[in-house]
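First the structure, in the form of structure tokens, and then the observations on it.
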Amino acid sequence: MRLGALIAAALYSIGLLVVQAQQPVTTVPLTPPAPPVIVDGLEILPVQGNVHMVVGAGSNVAVQIGDEGAFVVDSGGSGHSERLLAAVSRLTNRPIRFLVNTNADGDHIAGNDVIVKSQRGTRGPRPGAGGGAQGQNVGVVTVAHENAFNRMSTGSQGVPPLTGDALPASTFFTPRKDLFSNGEPVQLISQPTAHTDGDILVFFRKSDVVATGDVFVTTSYPVIDTARGGSVQGVIDALNAIIELTVPERNQMGGTRVIPGHGRICNEADVVDYRDMVTIIRDRVQEMAKKGMTVQQIKAARPSLEYDGLYGATTGNWTTDMFLETVYREISVRK
């Protein structure tokens with residue numbers, strides 16, 4: 001009886017499998033990702049929450065939108081202002097309420113004047129000039145770190161001094177400045193001695209997005225402007241600060257989104273990899289210098305070899321050799 005029951009159960013199971021195999025399989029079609037929106041040659045990408053990224057304006061531009069209007073991080077390079085305004089208008093028909101500069105580089109600030117004028121001036125007191133507001137509901141609040149403001153007002157490295165509406169109307173020198181826009185807290189976090197001495201991170205807390213400016217990029221080795229207070233260790237510290245803000249969703253993927261100054265949208269794992277790369281190269285150069293190798297010998301030894309395919313360059317404004325020379329000089333000063 002027991003053997004018969006087992007055989008019957010097995011035959012019943014086989015019958016179920018046959019029936020199931022004969023039934024049609026219902027599949028849910030995958031929804032293809034929405035094609036990127038192109039406005040006057042600029043690409044608009046949704047990032048997360050209320051934040052978008054505009055690509056092609058000289059540097060990446062972050063735009064938070066909501067009922068109050070637009071919060072814009074950086075104004076792009078020269079010649080892109082009108083196209084950038086068109087891209088923001090594609091995202092919202094409300095005015096630009098905030099414009100924050102993450103540093104004083106030309107490709108991040110050249111559009112300040114045009115953007116402010118398009119919004120009928122600034123709101124809030126202007127440093128050293130007094131006034132500037134036309135009322136609480138008119139104009140744009142422009143903000144930068146005090147060191148970046150000083151660089152903008154005096155000019156540097158091919159960037160002429162900015163005046164009038166091109167200069168931020170509000171500055172800060174504390175480690176952090178808090179704002180509130182479109183229903184979410186926005187934190188401006190100073191990163192001293194990183195790419196320059198006036199860099200800031202912009203953290204949209206509810207959307208869970210960090211705009212980093214040039215303390216983090218995916219297109220090159222970190223550009224360290226020592227003439228304007230930048231340093232290798234400062235960049236590493238800034239990358240660690242980004243990592244402190246970011247939280248992955250699962251398997252080190254997803255979660256907080258990171259908008260670099262140049263390059264693609266990232267998450268925490270990307271920043272960790274970049275931080276590790278900078279630290280490894282720094283440590284290799286340091287060990288070579290301890291052995292008495294000259295900067296020329298170190299460059300010939302290629303301590304960045306496995307990373308050069310991703311970040312290296314032999315021509316342009318920032319080459320691999322320039323990066324290694326900067327690392328060597330900083331290490332030599334610390335000896």
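Since every read-out is calculated from the coordinates, none of them should be taken as a lab result. Everything numeric here is computed off the predicted structure, so don't read it as measured data. All Cβ positions, glycine included, derive from the backbone under ideal geometry; neighbour counts span all protein chains shown.
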Full-extension gain between Phe173 and Val247, please, as 0.36 nm times their residue separation minus the C-alpha to C-alpha distance. 23.9 nm
Taking 0.36 nm per residue of separation between Ser332 and Glu287 and subtracting their Cα-Cα distance, the length gained on full extension comes to 15.1 nm
Simple spin-label model, 7 Å along Cα-to-Cβ: Thr154 to Asp67 in nm? 4.5
Net charge contributed by nearby residues that have their C-beta within less than 12 Å of Thr226 (K/R +1, D/E -1): -2
Cross-link candidates for Lys206: which lysines have Cα within less than 29 Å, leaving aside residues fewer than 8 places away along the same chain? Lys177
Taking only C-alpha pairs under 8 Å that are 6+ residues apart, what is the relative contact order of segment 194-335 in percent? 24
Hits among aspartates and glutamates - C-alpha to C-alpha of Lys299 under 18 Å, sequence gap 8 or more where chains match: Asp283, Glu287, Asp308, Asp321, Glu325, Glu330
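Kindly provide the trypsin sites (Lys or Arg not before Pro) of segment 33-124 that DSSP labels as loop, not H, G, I, E or B, and whose Cβ sees at most 16 other Cβ atoms within 10 Å.
Arg120
Report, in debye and to the nearest 20, how large the dipole of segment 295-335 comes out about its Cα centre when Lys and Arg carry +1 and Asp and Glu carry -1 on their Cβ.
Numbers: 5 positive and 5 negative charges, 45 e Å.
Magnitude of the dipole: close to 220 debye.
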